[in-house]
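What follows is a single structure, written as structure tokens, with notes after it.
The values are calculated or read from the model by the stated rules, or taken from the named source; none is laboratory data. Just so it is clear, the model here is predicted, and its values are computed rather than measured. Ideal geometry is used to build each Cβ from the backbone, glycine not excepted, and the neighbour counts take in all protein chains shown. Keep in mind that these areas ignore ligands, DNA and RNA; they rest on the heavy atoms of the full protein, side chains included. Shrake-Rupley method; radii C 1.70, N 1.55, O 1.52, S 1.80 Å.
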There are 2 protein chains.
Amino acid sequence: MKNDSYFMAQAIAEAQKSLNEGGIPIGAVLVVDGEVVGRGHNRLLQAESAILHGEMDCIESAGRLRGADYQKSTFYTTLSPCTMCSGAIMLYNIHRVVIGENTTLIGPEELLRESGVEVEVLGVAECRELLERYIKENPDIWEAELERVGYSTD
Amino acid sequence: MKNDSYFMAQAIAEAQKSLNEGGIPIGAVLVVDGEVVGRGHNRLLQAESAILHGEMDCIESAGRLRGADYQKSTFYTTLSPCTMCSGAIMLYNIHRVVIGENTTLIGPEELLRESGVEVEVLGVAECRELLERYIKENPDIWEAELERVGYSTD
């Protein structure tokens, strides 16, 4: 059955794909009318990118959709979307965002809600475990990522 | 002299470059310590992209800077940054944003200010004229762009 768990599993598969490429395991899929129309994962390391978070990579992979399609779409992402990705979600008026976990990092979920986006946090252990294991095994990379966005790691 | 007008002229040159490529004339440059470290222009049409607004293309071209560099940088953009680009500006704690014009479209400038970004609107006629002429000559393209982000054009 194509429910939230089904699509979140696809987002997790994207996170796993990033890990296999040597990247940070965060993934996302975009769904319109019960069909996956975009898939993406964090490619900051792989593409030496400053903008390709999993959600941005996913939106880009979906191509240039019509407004009506964005407005009925659901976004599945393994980690709570950051400020940039939340801005993209608001730009395209994505209807609903389903988040795997928001304990490792949390983005502006309230801002999304205030702007009319339905936000649901599933609390999926696998999402958190994938990322936490990566952080534990790659503390220098993770610390550099946090420094880049001004998070104190003291 | 390398003042705001000097760097805005470089952002306008990027907008012109987009126009020459058949794209939407919006451009941006990112400046750290008086030096341009990134340049970009809207490439939605050229790259069939959903994310490469001028500001995103510029941030990407700057590469992966250190947090300390983003935090002292100034962003020059010919048009008021949209929600996505403003989110990217907030993610990287960009210090100051200098906007060519905000009459054709206006982004969440107050949100930027509230999050601590210095925002200055220069009101440069050339920025507005470049974009307005493009819109007049390409009404169908512009209307499709607005539809994509849910703006009513009635």
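Per-structure values
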{"item": "Failed item, numbered, when A:Glu118 is tested on (1) within 14 Å of another protein chain (Cβ to nearest Cβ); (2) without any contact (Cβ under 8 Å) to a residue 24 or more places away in the chain", "result": "(1)"}
{"item": "Which numbered condition B:Asn20 fails, given (1) in contact (Cβ under 8 Å) with a residue 24 or more places away in the chain; (2) open to solvent by 30 Å² or more (accessible area, probe 1.4 Å)", "result": "(1)"}
{"item": "Residue check, A:Leu91 within 9 Å of another protein chain (Cβ to nearest Cβ) and open to solvent by 10 Å² or more (accessible area, probe 1.4 Å)", "result": "yes"}
{"item": "Residue within region A:127-134 that is open to solvent by 40 Å² or more (accessible area, probe 1.4 Å) and touching a strand residue (DSSP E or B) at 6+ places or on another chain (Cβ under 6 Å) present", "result": "yes"}
{"item": "Only one of A:Ile59, A:Ile106, A:Ile12 that is open to solvent by 50 Å² or more (accessible area, probe 1.4 Å) and under 13 Å from the mean Cα position of the chain (by Cα)", "result": "A:Ile106"}
{"item": "Residues that are within 7 Å of chain B (Cβ to nearest Cβ) and either crowded, with 23+ Cβ neighbours inside 10 Å or under 16 Å from the mean Cα position of the chain (by Cα) (or both), drawn from region A:71-84", "result": "A:Cys82, A:Thr83, A:Met84"}
{"item": "Subset of region B:30-51 that is open to solvent by less than 20 Å² (accessible area, probe 1.4 Å) and of a type in the set (A, V, I, L, M) - its residue that is farthest from B:Tyr6 (Cα to Cα)", "result": "B:Ala50"}
{"item": "Some residue of region B:128-145 being touching a residue at least 40 places away in the same chain (Cβ under 8 Å), at the interface with chain A (Cβ under 10 Å from one of its Cβ atoms) and of a type outside the set (Lys, Arg)", "result": "yes"}
{"item": "Residues that are assigned to a loop (DSSP other than H, G, I, E, B) and away from chain A (no Cβ under 14 Å), drawn from region B:16-65", "result": "B:Glu21, B:Gly22, B:Pro25, B:Ile26, B:Asp33, B:Gly34"}
{"item": "Flag for B:Gly116 being open to solvent by less than 20 Å² (accessible area, probe 1.4 Å), over 23 Å from A:Leu45 (Cβ atoms) and either modelled with pLDDT of 95 or more or among the small types (Gly, Ala, Ser) (or both)", "result": "no"}
{"item": "Selection status of B:Thr103, free of Cβ contacts under 8 Å to residues at least 40 places away in the same chain and either more than 14 Å from every other protein chain (Cβ to nearest Cβ) or farther than 30 Å from A:Trp142 by Cα (or both)", "result": "yes"}
